[in-house]
1. Looking only at segment 185-242, filter to residues that are among the small types (Gly, Ala, Ser) and part of a loop (DSSP other than H, G, I, E, B); which one of those is most open to solvent (accessible area, probe 1.4 Å)?
2. Mind checking which residues of segment 309-323 are assigned to a loop (DSSP other than H, G, I, E, B) and in contact with a strand residue (DSSP E or B) (Cβ under 6 Å, 6 or more places away or on another chain)?
3. Would you check if there is a residue in segment 341-363 being in a strand (DSSP E or B) and open to solvent by less than 20 Å² (accessible area, probe 1.4 Å)?
4. For residues in segment 404-427 being aliphatic (A, V, I, L, M) and surrounded by fewer than 19 Cβ atoms within 10 Å (Cβ to Cβ), which is nearest to ILE81 (Cα to Cα)?
5. Please go through segment 322-337 and pick out each residue that is surrounded by fewer than 17 Cβ atoms within 10 Å (Cβ to Cβ) and without any contact (Cβ under 8 Å) to a residue 40 or more places away in the chain.
6. Inside segment 135-150, can you point out the residues that are surrounded by 20 or more Cβ atoms within 10 Å (Cβ to Cβ) and touching a His at 6+ places or on another chain (Cβ under 7 Å)?
7. Has segment 149-164 got at least one residue that is among the aliphatic types (A, V, I, L, M), modelled with pLDDT of 95 or more, part of a loop (DSSP other than H, G, I, E, B) and in contact with a strand residue (DSSP E or B) (Cβ under 8 Å, 6 or more places away or on another chain)?
8. Of everything in segment 252-305, what is more than 24 Å from the chain's Cα centre (by Cα), under 28 Å from GLY355 (Cα atoms) and not in a helix (DSSP H, G or I)? Give them in sequence order.
Amino acid sequence: MTDVRDGAAADGAAGSAPGRGVSRRALLGGGIAAGLGMVAGVGGVLGAQGISAARASDETVDLLQSHPFYVTDKGMPQPGITTAPQCYCVFMTFDLAAGSVARSLQVLLARWSAAIAQLQAGKTVGAVAPSRGVGAGQDTGEALDLGPASLTVTVGLGPGVFGDRFGLAGRRPAKLAELPTLPSDRLDPALTGGDLSLQACADDPQVAYHAIRDLARIARGTATVRWTVLGFGRASAGPHQTTPRNLFGFKDGTRNVSTDADFDKWVWAGSDDQAWMAGGTYQIARKIQMNIEIWDADDVADQQKIFGRMKVDGAPLSGGTEHTTPDFAVRDAAGQTKIDLRSHIALAAHENNDGVKILRRPYNYTDGLNQYGQLDAGLLFLTYMNDPEHFVRLQRRLGASDLLNEYIGHVGSAVFAVPPAPATGSYIGEALFA
């Protein structure tokens, strides 16, 4: 059963540990659950689709849980990659200011590292209120009393970091380059690129937002915000998680990378790359706009053909249950493949791409209404791999032939190198400057 535990009792002092106990939020959660039960009863009368037990298996949301920032094991990646995807995400990219030099970048990464370690422990990044006199607090304070909520912050370095400007051209990872123009791209320059990225994920949206807000404050004078996305409702499953749904109502990302062997083969950078990147990875962020009103008018049979899966239980159209391996060759009585070869799962399947896999960590997003009064919403597609060319390869096929393309558009894009987690007393990317 889904359980929400809270009870943080931070007293406002930096570094104060959250307390335990049944909180207002837990009680509120119970009230919501009771309300849902009542609605389910009404739904039975109205003949509505029954509420699935998908999230009621053994998935616990523990708002007191925290993740270490500094390495506890050799070669540990930054948090927010293998960590079970949390419920919310705030993603932000930055441009380094014109006057910044290598020293400026080092200081920023060191300050970010120290702050992230505090934030992931559920602490503030400094005093919320000055001890005497007047002045701004070092921490904005909106996450006081909320606990760590499984916060993770992941830092990426864009291609612009590795030019002559910072004297790091010789340290550029071999596989880091701006992404080529891909089929179906409708990129907005204001939602594309960046020298640095921050991905903050947490089970409380205010905890994630607070982390990004305070890290952006720390960056002032050294870097400026380029673009940001507020994500909710993770849209792919992590290990031991049930598969959530995207805003089209479908389970996607069911076949995500989950085993150590696949992480080693497809996600982690090896020793053949720059030495400072060993154990790191590459991050690609895409903002994918969904044409929701048009999709909602389509019949469900066509929607299922487009995805290649049943809408309710997520089973592939070739038969079985959600986690049954799709059979792309099996045919119906008319001689047609039961799964259209232009469907989303057929084009993305590793069986049809020489085994290539990427780690998906996407979130839904909404920006309200667009200039035409339609819902402005879609998918923040965050993904990790040890060679960005793997993503390019998959997206070239999807962008050219995916039946889903009629309903989506890629409007934002960026690529970053993600160093491994630092040791205590060090900072992210320190080895880059050695």
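1. Residues of segment 185-242 that are among the small types (Gly, Ala, Ser), as a first pass: 190, 193-194, 197, 200, 202, 208, 211, 216, 219, 221, 223, 231, 233, 235-238.
Within this subset, residues satisfying the condition of being part of a loop (DSSP other than H, G, I, E, B) are 193-194, 221, 235-238.
Details: GLY193: 14, GLY194: 14, GLY221: 78, ALA235: 4, SER236: 6, ALA237: 9, GLY238: 12 Å².
The extreme case among them is GLY221.
2. Of everything in segment 309-323, just one residue is assigned to a loop (DSSP other than H, G, I, E, B) and in contact with a strand residue (DSSP E or B) (Cβ under 6 Å, 6 or more places away or on another chain), namely GLY314.
3. Scanning segment 341-363, I find at least one residue that is in a strand (DSSP E or B) and open to solvent by less than 20 Å² (accessible area, probe 1.4 Å), so the answer is yes.
4. The qualifying residue nearest to ILE81 (Cα to Cα) is ALA423.
5. Those that are surrounded by fewer than 17 Cβ atoms within 10 Å (Cβ to Cβ) and without any contact (Cβ under 8 Å) to a residue 40 or more places away in the chain: THR324, THR325, ASP327, ALA329, VAL330, ARG331, ASP332, ALA333, ALA334, GLY335, GLN336.
6. Hits for segment 135-150 are ALA143, SER150.
7. yes
8. SER271, ASP272, ASP273, GLN274
The values are calculated or read from the model by the stated rules, or taken from the named source; none is laboratory data. Source: prediction; values computed, not measured. Note: ideal-geometry Cβ built from the backbone for every residue, glycine included; neighbour counts use all protein chains shown. When the accessible area is computed, the model is the full protein with side chains, heavy atoms only, and any ligands, DNA or RNA have been set aside. Shrake-Rupley method; radii C 1.70, N 1.55, O 1.52, S 1.80 Å.
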